[in-house]
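Step one of this worksheet: look at the structure below.
What follows draws every value from the coordinates through simple rules; no lab data is involved. Since the structure is predicted, the reported quantities are computational estimates derived from the model, not experimental observations. All Cβ positions, glycine included, derive from the backbone under ideal geometry; neighbour counts span all protein chains shown.
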Amino acid sequence: MGIFERIANAIFHIATGDTKKRWLYTPLVALLFLCFISLFFIAAYFTDRWLSLPSISYPPWTLIAGLVLLAPGFTIVAWTWVQFWRAHGTPAPVNPPHELITSGLYAYCRNPMLSGIFLMIFGAGLLMGSLSLIAFYAPLFVLALYLEASRIEEREMELKFGRAYLEYKQRVPMFFPRLPQDK
């Protein structure tokens, strides 16, 4: 058993175990995720300074483009939070809803919350004028979360929901909705 399967199994056991333990781990997991995101912003800040990278701030264009990404990103994240709360769970993998959510935004992509976070990070990079965040750290963040979602989260979802998740996974793309197909 590889490291990713071990992590998925550990998350599965916590997520399906004692309720008190799940609620105890939830803020810790949320804090770790926020720290993980913060590392990318901190690294971008110091990389821009260290390499003397030019700012990509071109008012009003970068302000408009940043807000065009940030606003829908925030809306998507907030909407998915509401869906989790309505299903009596949290976005933290250790304390998810007990049923598979396949409606709302989840009917179009399996990880709309991460898609929203991706939009927010690129939007924040534009608002900050950070070349390294836009060109290097945001794509690195997307790659890291893709690996986590595909190797750990999806394995844990398969353990929890079995065939229902496998069928959902076949129908719905991971991050970005498919364009409508002409019939």
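If you take the residues of the range 37-51 that are in a helix (DSSP H, G or I) and touching a residue at least 60 places away in the same chain (Cβ under 8 Å), which of them is nearest to the chain's Cα centre (by Cα)? Before you say what the answer is, go through the steps one by one.
As a first pass, look at the range 37-51 and keep what is in a helix (DSSP H, G or I): 37-50.
Then drop every residue that is not touching a residue at least 60 places away in the same chain (Cβ under 8 Å), which leaves 37, 40-41, 43-45, 47-48.
On the way: ILE37: 10, PHE40: 14, PHE41: 16, ALA43: 19, ALA44: 19, TYR45: 22, THR47: 24, ASP48: 25 Å.
Checked the range 37-51; the qualifying residue nearest to the chain's Cα centre (by Cα) is ILE37.
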Within the range 124-183, of all residues that are among the polar types (S, T, N, Q) and closer than 30 Å to ILE56 by Cα, the one surrounded by the most Cβ atoms within 10 Å (Cβ to Cβ) is SER130
Determine which member of the set LEU147, LEU179, LEU143 is without any contact (Cβ under 8 Å) to a residue 60 or more places away in the chain and not in a helix (DSSP H, G or I). LEU179
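If I go through the range 14-64 residue by residue, how many of them are polar (S, T, N, Q), over 30 Å from ASN95 (Cα atoms) and surrounded by 12 or more Cβ atoms within 10 Å (Cβ to Cβ)?
Step one: filter the range 14-64 for residues polar (S, T, N, Q), giving 16, 19, 26, 38, 47, 52, 55, 57, 62.
If we keep only those that are over 30 Å from ASN95 (Cα atoms) as well, we get 47, 52, 55, 57, 62.
Of the ones still in play, those that are also surrounded by 12 or more Cβ atoms within 10 Å (Cβ to Cβ) are 47, 57, 62.
Total satisfying the criteria: 3.
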Hey, among the residues in the range 52-83 that are over 14 Å from the mean Cα position of the chain (by Cα) and aromatic (Phe, Trp, Tyr), which one's nearest to ALA15 (Cα to Cα)? TRP61
What pairs come up if the first residue lies in the range 113-130 and is under 11 Å from VAL68 (Cα atoms), the second is surrounded by fewer than 22 Cβ atoms within 10 Å (Cβ to Cβ) and hydroxyl-bearing (Ser, Thr, Tyr), and their beta carbons are under 8 Å apart, counting only those six or more places apart or on different chains? LEU126/THR62; LEU127/THR62
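Tell me the residue from VAL68, VAL82, VAL94 that is of a type outside the set (Asp, Glu), out of contact with any Asp or Glu (no Cβ under 7 Å at 6 or more places or on another chain) and under 19 Å from ILE121 (Cβ atoms), please. Lay out the reasoning, then the answer.
Numbers: VAL82 fails: under 19 Å from ILE121 (Cβ atoms); VAL94 fails: under 19 Å from ILE121 (Cβ atoms).
Within the list VAL68, VAL82, VAL94, the selection yields VAL68.
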Taking the condition of being closer than 23 Å to ARG178 by Cβ and either surrounded by 13 or more Cβ atoms within 10 Å (Cβ to Cβ) or among the β-branched types (Val, Ile, Thr) (or both), how many residues in the range 72-108 meet it? 16
